[in-house]
1. Only one of these is among the β-branched types (Val, Ile, Thr) and at pLDDT below 95: Val446, Val401. Name it.
2. Does the stretch 236-252 contain at least one residue that is of a type in the set (Phe, Trp, Tyr) and within 13 Å of the ligand (Cβ to nearest atom)?
3. Restrict the check to the stretch 126-137 and report whether at least one residue is assigned to a helix (DSSP H, G or I), at negative phi and of a type in the set (Ser, Thr, Tyr).
4. Could you check the stretch 368-466 for helices (runs of 4 or more DSSP H) lying wholly inside it with 1 or more residues that are within 14 Å of the ligand (Cβ to nearest atom) and out of contact with any Cys (no Cβ under 9 Å at 6 or more places or on another chain)?
5. Condition test on Asp351, is it over 27 Å from Phe194 (Cα atoms), away from the ligand (no atom under 14 Å from the Cβ) and out of contact with any helix residue (DSSP H, G or I) (no Cβ under 9 Å at 6 or more places or on another chain)?
6. Kindly provide the set of residues from the stretch 267-291 that are buried (at least 24 other Cβ atoms within 10 Å of the Cβ) and out of contact with any Ser or Thr (no Cβ under 9 Å at 6 or more places or on another chain), ordered by number.
7. Go through the stretch 123-156 and report how many residues are over 25 Å from His413 (Cβ atoms) and either out of contact with any Asp or Glu (no Cβ under 9 Å at 6 or more places or on another chain) or not polar (S, T, N, Q) (or both).
8. Applying the selection to the stretch 309-341, what residues are touching a residue at least 40 places away in the same chain (Cβ under 8 Å) and farther than 19 Å from Gly260 by Cβ?
Amino acid sequence: MKYISTRGNVNEIGFIDTVLMGLATDGGLLVPEQIPQIPVEKLQAMSQLSYQELAYEIISYYVDGEIPEDELKELINKSYGTFRHPEVTPVQKIKDNMYVLELFHGPTFAFKDVALQFLGNLYSYIAKNTGVTINILGATSGDTGASAIEGVRGKEGIRICILHPHGKVSKVQELQMTTVNDPTVLNLAIEGTFDDGQRIIKEIFADLDFKNKYHLRAINSINFARILAQTVYYFYAYFQVAKEKDIKSLNFSVPTGNFGDIFAGYLAKRMGLPVGKLIVATNENNILERFIKDGVYQPGEFRGTYSPSMDIQVASNFERYLYYLLDENPSAVRERMDQFKTEGKIVVGEDLLRQVQADFAAHGVKNGECLQTIKTYYADTNYLLDPHTSCGVAAYEKASVPEEVCVTLSTAHPAKFNEAIELCNIEQTYPEQIQQLFDKPQYLEVVEADNEAIASRLEKLFSSAQ
Ligand SMILES: *Cc1c(COP(=O)(O)O)cnc(C)c1O
C-alpha cells in the first residue's frame, strides 16, 4: 500500500512515513493510492470478531506489513485495553430503528481517544524501532489536547506540547489536560482563541528549519492514522446492529467539525461496508451543511455554541473527500483549492452536487434545538446526550427516514460538558475518574499568543533530556 497527496506532488510513501509526515509536504492531505475492497464473504467472517480483532483486520490492510503481525496486534490491544467498556465502542438501542454508538469509554471520555490511543502507541513503536525522535506539537479547543496527552504520557522517546485557549475550554477539559505532572508534557494556555493557537502552530510547522531541528510531529486529524483508527467502529457498529436486525444497509449520523470522523465513515463505505446515508450533523457553524445542500463551500461567521468541539469554520479533512468527488484527480483538487484561496469559496455544479447528495445528507442544529433535544431524550428515554451527540440525534430526526435504521455517533460523555447539561436543568453525577480531577494540582503556563515566546519555550522543552 502506497500513499499519495491529494495535490499530487508527494512521491509514493509507505504507512510509517505517512504517519510521520502528517500534512503532505505539498500542502495536500495524504490518502491511500487505492482503497482496499473487502469482499462480502470476508465481511461476513469479520462480523463475529471482537473490537480488537476487527481493528487488526482493517488496520493491517493499510499498514501492509510495515509492522510485524504480532507487534501490530500488541499495539492495538494496548490501545484499546485502556477503555472502560469490554466492547470498546458499544452500541445502545434507544428506540425502534435508532441506535447510539458510544465512543466515549476511553481515558478522556471523548471519541478522540479511539484514534489517539492508537496514534500514541504507534508513535511510541516508531520511536523505539526507527530511533526517530517524536516531539509532538498541537493546538486544541479541548478534546484533542486531553486525548493526545493521555495517548503519549509516560511513553519513552516522546515529548508533547499542547496549546489551548486560556479559560476558553470546559472545566473538565482543562483539568484533564493540566493535571498531568510529567516533565515530558507541557501545557501552554495562550492568551487568545483556538484560532490563534492553530495559526501559531501552523506558522511554527511552516518554519522547516525549526520543524526539522526539533523533529516536530502533528497529532491533528489530518494525520491519516487517526482516520484509519476511526473506520473500525463503523464496521463494528454495523455488525452489532446486524446481529439483532435484518438490515440491507445502515445510515450514520455524525456530529461533525473537521470532517475527520465522517470521512472515516465514507472510507468504510468505499471499502465495501453497506452504508446508506452519512448524515453530517453540524451546529450553527454550518459550512458543511450548506455545502451538502447547496454545493457552496464557504466559511461563515464564527458562532460560539454548546458543542465547542464542532465550532470550526474550515474543515481540514474536507479536501480528502473533494479528492474522491473529483475522481481522484490531483490537478482538479489543486484548481479547487486555489479557487478557495483566491475567491474564498468552492462551488460545485449540478452533477457533482447530485453525487454529494447520494452519499450525504445534512442538518445544522441551532443552539436551542441542541438543548431541547437533550431535554426531550432525557425525559422520553432516560438517556443523557452530551451537546455534540445531541446535534447528531437532532440531525437524525431531521434527515433520516424513520423506516431506515440509523446509528448516531456519540462523541462525548455528558460529564465533559456539564455547562450545557446544567442549562437543561438536569443534574448529573460525574464518573469517579472525572470527579477526582477536581482535587488535583494543575500544571500549566500562561503565555502571550506570540510565536517568538512560544518557540523559545518549545526549544527548552524539546532540547531537554528525557
Ligand atoms: C472533535 C469532536 C467532534 C468533531 O469531530 P471531527 O472529526 O472534527 O468532525 C465532535 N464531537 C466531539 C465531542 C469532538 O471532540
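The values are calculated or read from the model by the stated rules, or taken from the named source; none is laboratory data. Just so it is clear, the model here is predicted, and its values are computed rather than measured. Every residue, glycine among them, receives a Cβ derived from its backbone with ideal geometry; neighbour counts consider all protein chains shown.
1. Details: Val446 fails: at pLDDT below 95.
Within the list Val446, Val401, the selection yields Val401.
2. We begin by selecting, within the stretch 236-252, every residue of a type in the set (Phe, Trp, Tyr); these are 236, 238-239, 252.
Pick out the ones that are also within 13 Å of the ligand (Cβ to nearest atom) and you get 252.
Looking for residues that are of a type in the set (Phe, Trp, Tyr) and within 13 Å of the ligand (Cβ to nearest atom), one finds at least one in the stretch 236-252, hence yes.
3. Filtering the stretch 126-137 for residues assigned to a helix (DSSP H, G or I) gives 126-130.
Those still in the list that are at negative phi too: 126-130.
When the remaining residues are screened for being of a type in the set (Ser, Thr, Tyr), the result is 130.
Checking the stretch 126-137: at least one residue is assigned to a helix (DSSP H, G or I), at negative phi and of a type in the set (Ser, Thr, Tyr).
4. On the way: elements: 387-399, 418-423, 432-435, 451-463.
Hits in the stretch 368-466: 387-399, 418-423.
5. Values: over 27 Å from Phe194 (Cα atoms): yes; away from the ligand (no atom under 14 Å from the Cβ): yes; out of contact with any helix residue (DSSP H, G or I) (no Cβ under 9 Å at 6 or more places or on another chain): yes.
When the stated conditions are applied, Asp351 passes them.
6. Listed by number, the list holds a single entry, Phe291.
7. First pass over the stretch 123-156, keeping only residues over 25 Å from His413 (Cβ atoms): 123-135, 137, 156.
Within this subset, residues satisfying the condition of being either out of contact with any Asp or Glu (no Cβ under 9 Å at 6 or more places or on another chain) or not polar (S, T, N, Q) (or both) are 123, 125-128, 130-135, 137, 156.
Result for the stretch 123-156: 13.
8. The first filter runs over the stretch 309-341 and keeps only residues touching a residue at least 40 places away in the same chain (Cβ under 8 Å), leaving 309-312, 315-324, 330-331, 333-334, 337, 340.
Residues satisfying the conditions are Pro330, Ser331, Arg334.
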